[in-house]
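First up is the structure itself, then whatever we jot down about it.
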Amino acid sequence: MTTANEQTGQSPRVESLDQLTAHLASGCKPEADWRIGTEHEKFVFCRTSLKPVPYEGETGIRAILEKLGEETNWSIIQENGLPIGLKGEGASVSLEPGGQFELSGAPLENIHQTCSEVHRHLDAVKKVCDPMGVAFLGMGFAPTWTRAETPQMPKARYKIMREYMPKVGGLGLDMMHRTCTVQVNLDFASEADMVKKFRASLALQPIATALFANSGLKEGKPSGYASYRAHIWTDTDPDRTGLLSFVFEDGFGFERYRDYMLDVPMYFLRRNNKFIDAAGQSFRDLLKGELPAAPGEVATMEDWEDHLSTAFPEVRLKTFLEMRGADSGPWARICALPAFWVGLLYNGTALDAAWDVAKDWTTEMREQLRDDAARFGLKAKIGGRTVQDVALEVLEISREGLRKRARMGNLKEDETTYLDTLFDIAKSGVTMGEYTAQRFLGALEGDAKKLFEECKY
């Protein structure tokens, strides 16, 4: 999730729906200006108790943020006088509802820079947290602790969501408090380019889910899923999640996505950096000055930006496209996720080839694949093929797209090297979620301490 930017108080009023469409279209930029923004979340746990770390206390989230700010010289983001994040170097650190740390990376030119950014961040948090007996875990779902054991972060937005989630789905609170993801934000040149990228990435998102599946444990037992995190999203909130079948319809573009977002119920309205509970209410009413939670208040462009951040489809459109289908995982896979999608979407030939893989899939096939990829991982099937087979084909397309980019790193290797870990997984046919669950019950004999030591950063 995204931490809301501080309000300027100078945002223009929304006078017409065309302004909302224009905001989305403002993301169009020439290929030379395309960038890569990587986000990754990780669990924070006490190495002695193996429990999640609370907000307060000498080794709590607040203390970590304050010491990390000192270490990095990043400025602290506050809400109601409490530290809730950091910002610096074009990036930010924010808190997820259960205390998960999220690094929202700067817009960078290549995957080598992304990996360097991740490396610097993980080095900094380790330097701060090692003396505190605290460590970070890269998995898609908290493997041992319960929801009741998970702390709650003091952010007003999350309080509103906690109260609303049980009204619209069965697993929304688990999504908030016990999941971690890695995602990448990518650019587009035009509306037509956005549509092509949106369709290809949305159709293939379950393939990424299978490749990155890493949540095979739940409360110390097999979850029954390769990616329990992905399953959770199927029972969170149908109004703001899913594969958005309208994206594949004729005429899709910025305006159609605008209309979708206008139909997504609100969570909140911010005024003077205070959050007003508007959960379930309509942004259309805000446009008319008739929002029940704030009668007379009218929509500003900052309100629209806030609202765009409250939908959680498998691919999300803002002024860029967000790929949202992957579980968090080890360091190498944080780098692999942007490499996978950049290879597919930032080269025209690769993008066409990627769409060719999925263009004949029906809505029903895509929806079934979403469910099956979460449960069965690479063993799922689509159109008479295994996901393993599709994944290997798509990885080859991505590798060729990265080769054609020819962005060289310090070791004189191009970006294709970051796909190696995904090829290993695809060739094995066994997801990390399945492997970890099997190893935990087998070689590790159910010893959570050994599991955490193996999986921590």
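On the basis of being modelled with pLDDT of 95 or more, buried (at least 20 other Cβ atoms within 10 Å of the Cβ) and either in contact with a strand residue (DSSP E or B) (Cβ under 9 Å, 6 or more places away or on another chain) or of a type in the set (G, A, S) (or both), does M165 make the cut? Steps first, answer last, please.
Numbers: modelled with pLDDT of 95 or more: yes; buried (at least 20 other Cβ atoms within 10 Å of the Cβ): yes; either in contact with a strand residue (DSSP E or B) (Cβ under 9 Å, 6 or more places away or on another chain) or of a type in the set (G, A, S) (or both): no.
No, not satisfied.
Results for (1) at pLDDT below 95; (2) outside any strand (DSSP E or B); (3) among the acidic types (D, E), shown as yes or no for each residue.
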| site | (1), (2), (3) |
| --- | --- |
| N5 | yes, yes, no |
| T8 | yes, yes, no |
| E15 | no, yes, yes |
| D18 | no, yes, yes |
| T38 | no, no, no |
| K42 | no, no, no |
| T59 | no, yes, no |
| E66 | no, yes, yes |
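When Y225 is tested against (1) farther than 20 Å from T146 by Cβ; (2) outside any helix (DSSP H, G or I), exactly one condition is not met: (1). Here P238, P265 are screened, and the one residue that is without any contact (Cβ under 8 Å) to a residue 60 or more places away in the chain and part of a loop (DSSP other than H, G, I, E, B) is P265. Set side by side, the residues D174, D193 differ, and just one is assigned to a helix (DSSP H, G or I), at pLDDT 95 or above and surrounded by fewer than 23 Cβ atoms within 10 Å (Cβ to Cβ), which is D193. Put simply, of Q183, Q152 the only residue that is among the polar types (S, T, N, Q), outside any helix (DSSP H, G or I) and either modelled with pLDDT under 95 or out of contact with any Ser or Thr (no Cβ under 8 Å at 6 or more places or on another chain) (or both) is Q152.
Of these, S49, S11, S26, S16, which one is within 28 Å of E219 (Cβ to Cβ) and either touching a His at 6+ places or on another chain (Cβ under 8 Å) or polar (S, T, N, Q) (or both)? Outline the logic, then answer.
On the way: S11 fails: within 28 Å of E219 (Cβ to Cβ); S26 fails: within 28 Å of E219 (Cβ to Cβ); S16 fails: within 28 Å of E219 (Cβ to Cβ).
None of the others qualify; the one that does is S49.
Looking only at the stretch 426-452, count every residue that is closer than 20 Å to L137 by Cα and either among the aliphatic types (A, V, I, L, M) or surrounded by 13 or more Cβ atoms within 10 Å (Cβ to Cβ) (or both) and tell me the total. Quick ask: steps written out before the conclusion?
As a first pass, look at the stretch 426-452 and keep what is closer than 20 Å to L137 by Cα: 431-441, 443-452.
Now restrict to residues that are either among the aliphatic types (A, V, I, L, M) or surrounded by 13 or more Cβ atoms within 10 Å (Cβ to Cβ) (or both): 431-441, 443-444, 448, 450-452.
Total meeting the criteria: 17.
Filtering the stretch 43-54 to residues that are touching a Gly at 6+ places or on another chain (Cβ under 7 Å) and under 15 Å from G98 (Cβ atoms) leaves V44, C46, P52, V53, P54. Of the candidates P107, P83, P131, P166, the single residue that is free of Cβ contacts under 8 Å to residues at least 60 places away in the same chain, in contact with a Lys or Arg (Cβ under 6 Å, 6 or more places away or on another chain) and not polar (S, T, N, Q) is P83.
Return yes or no: is R405 surrounded by fewer than 16 Cβ atoms within 10 Å (Cβ to Cβ) and either modelled with pLDDT of 95 or more or not polar (S, T, N, Q) (or both)? Full working, then the answer.
On the way: surrounded by fewer than 16 Cβ atoms within 10 Å (Cβ to Cβ): no; either modelled with pLDDT of 95 or more or not polar (S, T, N, Q) (or both): yes.
In short, no.
Taken together, the residues in the stretch 104-125 that are buried (at least 23 other Cβ atoms within 10 Å of the Cβ) and not in a helix (DSSP H, G or I) amount to 1. Identify, please: which residue in the stretch 255-287 is over 27 Å from V195 (Cβ atoms) and of a type in the set (S, T, N, Q) and is, among those, surrounded by the fewest Cβ atoms within 10 Å (Cβ to Cβ)? Step by step, filter the stretch 255-287, then rank; the result is N272. Answer yes if at least one residue in the stretch 278-299 is within 23 Å of E39 (Cβ to Cβ), in contact (Cβ under 8 Å) with a residue 24 or more places away in the chain, touching a helix residue (DSSP H, G or I) at 6+ places or on another chain (Cβ under 6 Å) and not in a helix (DSSP H, G or I), and no otherwise. Within the stretch 278-299 (the criterion being within 23 Å of E39 (Cβ to Cβ), in contact (Cβ under 8 Å) with a residue 24 or more places away in the chain, touching a helix residue (DSSP H, G or I) at 6+ places or on another chain (Cβ under 6 Å) and not in a helix (DSSP H, G or I)), the answer is no, since none of the residues qualifies.
Within the stretch 64-91, track down each residue that is among the hydrophobic types (A, V, I, L, M, F, W, C) and surrounded by fewer than 20 Cβ atoms within 10 Å (Cβ to Cβ).
First, pick out the residues of the stretch 64-91 that are among the hydrophobic types (A, V, I, L, M, F, W, C): 64-65, 68, 74, 76-77, 82, 84, 86, 91.
Result: W74, I76, L82.
Taking first residues from the stretch 16-36 that are free of Cβ contacts under 8 Å to residues at least 60 places away in the same chain and partners that are of a type in the set (D, E) and not in a loop (DSSP other than H, G, I, E, B), no Cβ contact under 6 Å between residues at least 6 apart in sequence or on separate chains turns up. The residues in the stretch 303-321 that are touching a Pro at 6+ places or on another chain (Cβ under 9 Å) and either in a helix (DSSP H, G or I) or closer than 25 Å to I111 by Cβ (or both) can be counted, and the count is 2.
The values are calculated or read from the model by the stated rules, or taken from the named source; none is laboratory data. This structure is a prediction, so every number in the text was calculated from the model and none was measured. Every residue, glycine among them, receives a Cβ derived from its backbone with ideal geometry; neighbour counts consider all protein chains shown.
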